[in-house]
Structure formats: structure tokens, C-alpha cells
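Worksheet: the structure to be examined is printed underneath.
The values are calculated or read from the model by the stated rules, or taken from the named source; none is laboratory data. Fair warning: this is a prediction, and the values are worked out from it, not measured in the lab. Here the Cβ positions follow ideal geometry from the backbone for every residue, glycine too, while neighbour counts run over all protein chains shown. Quick note on the areas: whole protein, heavy atoms, side chains included, nothing else; ligands and nucleic acids left out. Shrake-Rupley method; radii C 1.70, N 1.55, O 1.52, S 1.80 Å.
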Amino acid sequence: MSDEPEDDEEEDLVTEESKGDVASRPNENADDQTLVERLVPAKIMEKYEIVSYRNAAVILSQARNGEFEDILKALEDFTLTTKMIRTAGGNESDIPKEFSKVLRPLGWHETIISADLDVTLKWKEPKASKAKKQQYEKKSRIIKREKYLDGHKIDYVKGKVAFDLEWNSKDQTFDRDLFAMNAFFQSGAIDVGVLVTRSEALDEVFKTVGPALTKKGAVEKDRDGNDRPTMSKYGASTTWMGKLIYRLNAGRNGGCPVLAVGITPEAVTDWKSPGKV
């Protein structure tokens, strides 16, 4: 669970490569959106952009309903303010804490997985015998791969469901998260993962809330001494739904079912679109 890039002064230089690894919409690997809308409560769908892969929504609603109810409660209770959006915070900002204060008391724990792998090879060798029919002797050997899984971490795990939040870190963080979720899944530790990030729709908020603030609440300055726009903190090469959907469309979650959740402006309590009355 990360909040924003460590170097708050770094300008977001978007290369042609980073522009290319963005998906504007789910592809055929995603589940039918009408099914998702039937399984996720309308009040949640109004507040978030939600896409399901590998039947994640079905598994959550049907097989892991208790954990799903916890996640729905956390999503329903979650709100943002424009001050939270503008204020620098790194990993200690108030945004991840909003999910922690709901999920931690319900038994969602940061979990690390590790495992050794024993690979057994079996074969038969012919053995000397006076019998007319060739006799064979069974042979085997074991190859031990220590630390086959080593240190993959997910911020919230309960039962067989994983949950994580990426608000504003480098977009490569999604690769780490999806790899970890698939490692948990392949080992049988989880059945499904949920990954929350910000929707592109929040850009409208970022552009209209004024300058960025330091952790102490002062207006942040850029290298030239000018007020730093809040939008400059949320670059295209950071974690947002376009970067996540691109990876899920490409199958980087492996076999792990994943529900992708994008936070929209509906979660911001003290902001209204300039176009709305």
C-alpha cells in the first residue's frame, strides 16, 4: 500500500513508452460489466469505477461473502477531502488510514508469504534379471528449491481474500502487487484479490483544488518558486486505473481473479464539478 512517490519534487516526465502502457477500457479478458453491476451494490458502483477479471466479483459475492461485506463497508465508509488530496503524505497520509481503520479491526492483516519447493523426479531403470520379461527398478530424487516464495507481501489479507490500495506511487508498483497476489493464489492462500486505486475521473478534481500543500499545510513550491499545482503530483506514470487495467488486460495477474476498483470524484465530500449546479 503506497501513497505517493518518495520524491515530491520530481517532475513527471511521461515517455512515449509510459503513454503506451495505458488502457482506456477493459478488453475481452474482463468479465461482463452487467454481471458486475448486478453483484456490486448500486451505492458502491456510483462511487467507484469497478472492473472484474477471472470472475472475481462472482467469487467475492458468492464464495467469500463475509470478506466481501467487509470490503464493501470499507468502500462505503471511505471519503476524501480536497485537503487530503492536496497534502503531501507519502506512505503515512490519511488516505490509506481510512481503509485501515475499517479493515484492521475486522481481522485484515498485513501478510507475508514464504515457501520452499520440493521437486520430485521419478523414473524407472532396467535391472539385471534372468527373467524373460525385462524388470525395472523405480528411482527418484528430490530437488529442493529453498525460498521459492520469499517475502511477497499484501497489506490486507483475511480468510482467502487479499486487498490492497495504491493511491499515488510509481505505476510499476502494480506489477509487484499483481505478482504477489498471483503468488498467494497459486499457493492456495487466497481465492481472489481486490486492488483499489484512483480513477482518471479524479483528474478533474486535481486540476481545480488549488496548489499542493506540504505535510505541515503550507503551499508547496516548485523549483522556480511558483505554487506547485496539485495535478502535478498525480502524473500519468503513477498508479491509476488506466495503468492497472492495462496490466490486467495483458494478464499480469496470472491465474488470480482480481477486482479492480477506481476511486471517483463521488468520494470527495467537499468538491463539486464546476459544471454541476
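Structure above, values below:
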| item | result |
| --- | --- |
| Residue that is most open to solvent (accessible area, probe 1.4 Å) [pool: residues in segment 94-151 that are among the acidic types (Asp, Glu) and closer than 30 Å to Phe163 by Cα] | Glu146 |
| Matching residues in segment 116-171 - criterion: being touching a residue at least 24 places away in the same chain (Cβ under 8 Å) and β-branched (Val, Ile, Thr) | Val119, Ile142, Ile143, Ile154, Val157, Val161 |
| Sole residue being in a loop (DSSP other than H, G, I, E, B) and among the small types (Gly, Ala, Ser), chosen from Ser140, Ser100, Ser129, Ser114 | Ser129 |
| Some residue of segment 204-218 being at pLDDT 95 or above, open to solvent by less than 60 Å² (accessible area, probe 1.4 Å), in a helix (DSSP H, G or I) and within 20 Å of Arg86 (Cβ to Cβ) | yes |
| Tally of residues being open to solvent by 10 Å² or more (accessible area, probe 1.4 Å) and part of a loop (DSSP other than H, G, I, E, B) across segment 241-260 | 5 |
| Some residue of segment 178-187 being open to solvent by less than 20 Å² (accessible area, probe 1.4 Å), out of contact with any Gly (no Cβ under 6 Å at 6 or more places or on another chain) and in a strand (DSSP E or B) | no |
| Enumeration of residues in segment 62-89 that are part of a helix (DSSP H, G or I), out of contact with any strand residue (DSSP E or B) (no Cβ under 8 Å at 6 or more places or on another chain) and under 27 Å from Lys221 (Cα atoms) | Met84 |
| Close pairs from segment 34-57: first β-branched (Val, Ile, Thr), partner open to solvent by 50 Å² or more (accessible area, probe 1.4 Å), Cβ under 8 Å, at least 6 apart | Ile44/Glu76; Val51/Pro26; Val51/Gln33 |
| Arg145 being within 21 Å of Gly255 (Cβ to Cβ), part of a strand (DSSP E or B), among the basic types (Lys, Arg) and in contact with a Leu (Cβ under 7 Å, 6 or more places away or on another chain) | yes |
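The rows are residues; the columns are (1) part of a strand (DSSP E or B); (2) within 19 Å of Val196 (Cα to Cα); (3) at pLDDT below 95.
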| residue | (1), (2), (3) |
| --- | --- |
| Asp7 | no, no, yes |
| Asp12 | no, no, yes |
| Ser18 | no, no, yes |
| Val22 | no, yes, yes |
| Arg25 | no, yes, yes |
| Ile44 | no, yes, no |
| Glu49 | yes, yes, no |
| Ser52 | yes, yes, no |
| Leu60 | no, yes, no |
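This table checks each residue for (1) open to solvent by 20 Å² or more (accessible area, probe 1.4 Å); (2) under 14 Å from Ile263 (Cβ atoms).
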residue: Val40; (1), (2): no, no
residue: Met45; (1), (2): yes, yes
residue: Ser52; (1), (2): no, no
residue: Asn55; (1), (2): yes, no
residue: Ala63; (1), (2): yes, no
residue: Ile71; (1), (2): no, yes
residue: Phe78; (1), (2): no, yes
residue: Arg86; (1), (2): yes, no
